[in-house]
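Some notes on the structure that comes next.
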Amino acid sequence: MSDELNACLKLSVLWQHVHKLNLKTNMRVQLQNYASADGFAKQLLDMGNGKISIDESTQRITLPTNFYKITATIDELIDKVFPNIAQNYRNHQWLSARAILAAKNNDVNTINFSIQNGIPGDTTTYKSIDTVMNQDEVVNYPTEFLNSLDLSGMPSHVLTLKIGMPIILQQNTNHT
C-alpha cells in the first residue's frame, strides 16, 4: 500500500474514534428564524431532489425569481455577503449566517481570494497528494497533470488559508 493511502484518515488509528454525523435540519432556518430562509431551503431541497420541472427545449430548470439577487461585480457581492469582513471574521455567529454557492471553481476561487485579502494575517499553503493507484499507469497520468486538473466539485491542488478564515467542509452523502 502506498504512503498516501496509509496517511488517509480512514486508515488512521484515530478513525475508530470518529463519529459520523448526518445533517438533517437546516440550522440557518431554525436558528435565524428568517421567514424567507425556510422557503429558500425548501427550493434548494426541491432542486436537489429533482422536483423542479425541466424546460424541454433547453434541458434546464428555471430558477424562481425570488431565488437570487444579481450584483454588478464580485466586489459588490462580497460586500453584500461579508460587510466589514476584517472586523467580523472571528464572529462565528456572523459567519454562520452567510454562505456563497457558485457554479464554477474560478468564480469561487476569485471570491475566496478577495475575502481572504480582507482578513488580517499570514497565509499558509497546503497541497494535495495526487497519485495513481496502479503504478503501471504513472506514465499516462503524471503528477503534474493530476495537479493541473480543476474539476467542478473537486478541491484545487493548492489550498491557501489564514487563521480565522471561514471554511466549509462538505461531503456528498447521497451516493445514488
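Working only within the stretch 115-130, note down all residues that are over 24 Å from residue 78 (Cα atoms), open to solvent by 70 Å² or more (accessible area, probe 1.4 Å) and among the hydroxyl-bearing types (Ser, Thr, Tyr). Full working, then the answer.
First pass over the stretch 115-130, keeping only residues over 24 Å from residue 78 (Cα atoms): 126-130.
After this cut, where a residue has to be open to solvent by 70 Å² or more (accessible area, probe 1.4 Å) as well, the list is 126-127, 129.
Correct list: 126 only.
State all residues of the stretch 70-100 that are open to solvent by 80 Å² or more (accessible area, probe 1.4 Å) and over 20 Å from the mean Cα position of the chain (by Cα); if no residue qualifies, say none.
Within the stretch 70-100, 70, 72, 84, 87 meet the criteria.
Can you tell me which of 74, 52 is touching an Asp or Glu at 6+ places or on another chain (Cβ under 6 Å), hydrophobic (A, V, I, L, M, F, W, C) and over 16 Å from residue 164 (Cβ atoms)? Steps first, please.
Values: 74 fails: touching an Asp or Glu at 6+ places or on another chain (Cβ under 6 Å).
Going through 74, 52 in turn, the sole match is 52.
Go through (1) part of a helix (DSSP H, G or I); (2) at pLDDT 75 or above one by one and return the number of the condition residue 164 breaks.
(1)
Tally the residues that are under 20 Å from residue 8 (Cα atoms) and loosely packed, with under 10 Cβ neighbours inside 10 Å, restricting the search to the stretch 134-152.
Applying the first criterion (under 20 Å from residue 8 (Cα atoms)) to the stretch 134-152 yields 134-135, 143, 146-147.
This time we only want the ones that are loosely packed, with under 10 Cβ neighbours inside 10 Å, so: 134-135.
Residues flagged as under 20 Å from residue 8 (Cα atoms) and loosely packed, with under 10 Cβ neighbours inside 10 Å within the stretch 134-152 amount to 2.
Here's the yes/no breakdown for (1) of a type in the set (S, T, N, Q); (2) more than 30 Å from residue 125 (Cα to Cα); (3) at pLDDT below 80:
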residue: 5; (1), (2), (3): no, no, yes
residue: 20; (1), (2), (3): no, no, yes
residue: 28; (1), (2), (3): no, yes, yes
residue: 33; (1), (2), (3): yes, yes, yes
residue: 46; (1), (2), (3): no, yes, no
residue: 58; (1), (2), (3): yes, yes, no
residue: 67; (1), (2), (3): no, yes, yes
residue: 75; (1), (2), (3): no, no, no
residue: 88; (1), (2), (3): yes, no, no
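Could you pull out the residue among 112, 106 that is outside any loop (DSSP other than H, G, I, E, B) and at pLDDT below 80?
On the way: 112 fails: at pLDDT below 80.
Exactly one residue qualifies, and that residue is 106.
Give the stretch 43-88 a look and list any residue that's in contact with a Phe, Trp or Tyr (Cβ under 8 Å, 6 or more places away or on another chain) and either of a type in the set (Gly, Ala, Ser) or over 23 Å from residue 118 (Cβ atoms) (or both), or say none.
43, 67
The values are calculated or read from the model by the stated rules, or taken from the named source; none is laboratory data. What you see is a predicted model, and the numbers here were worked out from it, not measured in a lab. Note: ideal-geometry Cβ built from the backbone for every residue, glycine included; neighbour counts use all protein chains shown. When the accessible area is computed, the model is the full protein with side chains, heavy atoms only, and any ligands, DNA or RNA have been set aside. Shrake-Rupley method; radii C 1.70, N 1.55, O 1.52, S 1.80 Å.
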